[in-house]
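The values are calculated or read from the model by the stated rules, or taken from the named source; none is laboratory data. Bear in mind the structure is a predicted one, so any value in this text is a computation, not a measurement. Here the Cβ is made from the backbone with ideal geometry for all residues, glycine too, and neighbour counts use every protein chain on show. These accessible areas exclude ligands, DNA and RNA; they are computed on the full protein's heavy atoms, side chains included. Shrake-Rupley method; radii C 1.70, N 1.55, O 1.52, S 1.80 Å.
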Amino acid sequence: MDDLLMEGFDYPLPDDRIAAFPLPERDDSRLLVYKSGKIQNSAFRQLPHLLPPGATLVLNDTRVIEARIFFQKPTGGVIELFCLEPHVPADMSRALESTGPVQWHCLIGGASKWKPGQVLEKLLRIGDGEVRLEARFISRQPDDFIVELHWGGGHHFAEVLHAAGAIPLPPYIRREAQTADAERYQTVFARREGSVAAPTAALHFTDRVFAELEEKGITRAPVTLNVGAGTFKPVKAESIAGHQMHAENFSVSRDTLRKLIAATQIVAVGTTSLRTLESLYWIGIKSAAAGTLQPELGQWEAYELSGDRSYTESLQVLLGLLEQENGEELNCRTALLIRPGYRFRSADALVTNFHQPRSTLVLLVAAFVGEDWRRIYQHALDEGYRFLSYGDSSLLWRNK
């Protein structure tokens, strides 16, 4: 693609500005508001008063799974499996509902200690019974490993994960997950299991905030994007052209498509929601040209396609295809990388936390607000905002 240099998206982030724990109350977080070049300090619980009546709020309702499983070898050594996404069956829902063996793409901590042919075992208690979970090494892939997991008792794999696993906190939170993280590293509306990282921009929402949003006539439109571990993957290449974007599965219901088509102003909660919204546009463009649903979007396809339809028109194509098949939701996959120069079609505003230096998430923010991203981040640093997943929030209005 292009040779946009990542050094232009670096900034100094001291360790003590990274929030290691959430605040006692979710909506006590601070909120930086950026609009028309002006920056103001506010509080997250003021969000309903900062959004226009009748706006459509798009939220990712994915739920984080307990993706980290620790096995202890007979010799005492510990091997950690970080389950990224299912391999067989490939569909997340089917994999979590499976009562038989499954194969997963995993990262392995202590892989050199796992000898070929050695079966790892872990005894679990599920309900009133005991279950023996076994892990077998299958193969090494370019970026991860394939591991097969066996268990007995007729339990779904989701139950096994609940019993065996731990919530996978981001690597920059340098502590072990605690009991409280099982609740606080989930949104209050998390519904569909499948992510290994939370859509953290939505962690600030509470029932109180939602009640006030509803009073203002602000519509909620849920989408589901299963966040992968690649969201933490640093851009190691000197230019963005050398970075391989991770692909993620997402689904959007027929009802949400209708809400988006009718929306007058769209506010995306989090980069995952925004990438979903923009991916929908380009999948609609591809599908209109092909006459059938084209459910995958590559990393650079949006920069190569002709976006000659409005956002509403593109989504109407998808809704029409869905209705033809009498389907209830679209199931797609996207690797869309949004960087400065990208032209947004969907959201007018973005609710998001403050992201890591030299990350694709900073690129997205820079694409959304332009060069003012530096002023925004410097203001947050100067004013003592808390950064990253458990940190404070921002409401950014797009410069059109």
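Would you confirm, using the coordinates I've provided, whether residue 276 is open to solvent by less than 10 Å² (accessible area, probe 1.4 Å) and in a helix (DSSP H, G or I)? Yes, satisfied. The test for being at pLDDT below 90, among the polar types (S, T, N, Q) and over 20 Å from residue 46 (Cα atoms) holds for residue 231. Is at least one residue of segment 111-125 touching a Lys or Arg at 6+ places or on another chain (Cβ under 9 Å), closer than 26 Å to residue 246 by Cβ, free of Cβ contacts under 8 Å to residues at least 60 places away in the same chain and not in a strand (DSSP E or B)? Checked segment 111-125: at least one residue is touching a Lys or Arg at 6+ places or on another chain (Cβ under 9 Å), closer than 26 Å to residue 246 by Cβ, free of Cβ contacts under 8 Å to residues at least 60 places away in the same chain and not in a strand (DSSP E or B).
Return the residue satisfying two criteria in turn: it lies in segment 71-86 and is within 19 Å of residue 197 (Cβ to Cβ) and touching a residue at least 40 places away in the same chain (Cβ under 8 Å), and of such residues it is farthest from the chain's Cα centre (by Cα). If we take residues in segment 71-86 being within 19 Å of residue 197 (Cβ to Cβ) and touching a residue at least 40 places away in the same chain (Cβ under 8 Å), then 81 is farthest from the chain's Cα centre (by Cα).
Among the residues of segment 93-108, those that are aliphatic (A, V, I, L, M), open to solvent by less than 60 Å² (accessible area, probe 1.4 Å) and in a strand (DSSP E or B) comprise 102, 108. Scanning segment 24-41 for residues that are in contact (Cβ under 8 Å) with a residue 24 or more places away in the chain and open to solvent by 30 Å² or more (accessible area, probe 1.4 Å) turns up 25, 30, 35, 36, 39, 41. Only one of (1) part of a helix (DSSP H, G or I); (2) surrounded by fewer than 17 Cβ atoms within 10 Å (Cβ to Cβ); (3) of a type in the set (Ser, Thr, Tyr) fails for residue 256. Which number is that? With (1) part of a helix (DSSP H, G or I); (2) surrounded by fewer than 17 Cβ atoms within 10 Å (Cβ to Cβ); (3) of a type in the set (Ser, Thr, Tyr) applied to residue 256, the lone miss is (2). Residue-level check: of (1) touching a helix residue (DSSP H, G or I) at 6+ places or on another chain (Cβ under 7 Å); (2) open to solvent by less than 20 Å² (accessible area, probe 1.4 Å), residue 161 misses just (1). When we screen 307, 320 for residues that are in a loop (DSSP other than H, G, I, E, B), open to solvent by less than 50 Å² (accessible area, probe 1.4 Å) and free of Cβ contacts under 8 Å to residues at least 60 places away in the same chain, the only hit is 307.
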